[in-house]
């Protein structure tokens with residue numbers, strides 16, 4: 001019997017079909033609705049209404065502020081945690097790492113509901129601290145996505161570089177500032193990307209805690225629920241462009257850091 005042989009182009013067919021059906025086709029539909037009105041006529045009024053509306057622009061700024069603050073808080077908590085776990089000699093450090101990942105195995109609704117009860121007990125009336133509670137909820141939800149890439153990046157550091165810096169007379173703080181921190185930049189960028197982008201649109205956490213009306217994901221959903229697919233698609237396109245720009249910038253920083261590290265080594 002003859003053996004079936006496939007070349008590389010044939011092996012790409014399933015991926016190409018998946019890409020066309022579930023990525024390109026939906027994107028084409030969104031682009032169509034974004035540049036048309038309710039009657040199917042081509043128009044730019046959707047863009048004009050988005051950039052002239054204080055509601056949409058205010059929601060965009062609120063989403064940015066929430067995402068940036070959440071990312072910073074996650075980074076401030078995750079970096080020391082990942083550093084201690086990666087550089088320590090704990091025999092059970094993998095168990096400690098598992099404790100940070102374990103909440104992700106629990107049902108999302110149960111976790112956020114429990115967090116809401118805890119915040120209600122600590123702060124009393126939860127509606128008085130909407131932005132603070134939103135940051136806490138987002139941090140609780142996305143913290144593992146910041147810890148894991150940082151832990152992986154710090155764990156892979158070449159210890160000989162740290163030892164060489166110490167042998168040359170550098171203090172522990174200087175070794176961290178000049179060697180450890182620059183070499184862990186790819187993990188920082190990866191973690192920031194994994195937290196920043198979804199926290200701009202994740203309205204489920206906010207909706208369960210108090211109110212999600214000031215985040216982009218909720219705004220998009222409200223338009224589609226009202227059968228206004230044109231404005232909903234337009235906002236989706238704007239958000240997609242923003243995410244693309246953020247990803248492009250972070251990748252550029254990552255490439256520059258890789259080149260600088262290669263030159264040093």
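Each value in this text was obtained by applying a stated rule to the coordinates, not by laboratory testing. These numbers were taken from a predicted model, which means no experiment stands behind them. Neighbour counts run over all protein chains shown; Cβ positions are idealised from the backbone, glycine included.
Note on segment 51-71 and segment 94-119: Cα centroid distance 27 Å, given to the nearest whole angstrom. Legend: calculated FRET efficiency, residue 28 to residue 68, from the Cβ-Cβ distance at R0 = 35 Å, rounded to 0.05, equals 0.65.
Seen against the Cα atoms of the chain and their longest principal axis, helix 25-34 is set at about 60 degrees.
Would you calculate, for the chain, the mean residue ellipticity at 222 nm contributed by helices, counting each DSSP H stretch of 4 or more residues as -39,500 (n - 2.57) and dividing by all residues, to the nearest 500?
Taken over the chain, the calculation gives -23500 deg cm²/dmol.
Counting other Cβ atoms within 10 Å as a rough exposure proxy, the listed residues 207, 167, 158, 141 run 167, 158, 207, 141 from fewest neighbours to most. Cβ-to-Cβ counts within 10 Å put 227, 129, 203 in ascending order as 227, 129, 203, the fewest first. To the nearest ten degrees, helix 130-155 and the longest principal axis of the Cα atoms of the chain are 50 degrees apart. For the chain, the share of alpha carbon pairs falling in successive 5 Å distance bins from zero is 1, 5, 9, 12, 13, 13, 13, 11, 9, 7, 4, 2, 1, 0, 0, 0 percent. Normalising the average separation of contacting C-alpha pairs (under 8 angstrom, six or more residues apart) by the number of residues puts the relative contact order of the chain at 29 percent. Here segment 46-146 is treated as an ellipsoid with the same Cα gyration tensor; its semi-axes, largest first and in whole Å, are 33, 19, 12. With a Förster radius of 51 Å applied to the beta-carbon distance between residue 76 and residue 10, the computed FRET efficiency rounds to 0.55. Relative to the current alpha-carbon distance between residue 251 and residue 114, full extension at 0.36 nm per residue lengthens the span by 45.7 nm. Using only Cα atoms, tell me the angle between helix 185-199 and the longest principal axis of the chain; keep it within 0 to 90° and round to the nearest 10. Helix 185-199 sits roughly 30 degrees off the main axis of the chain.
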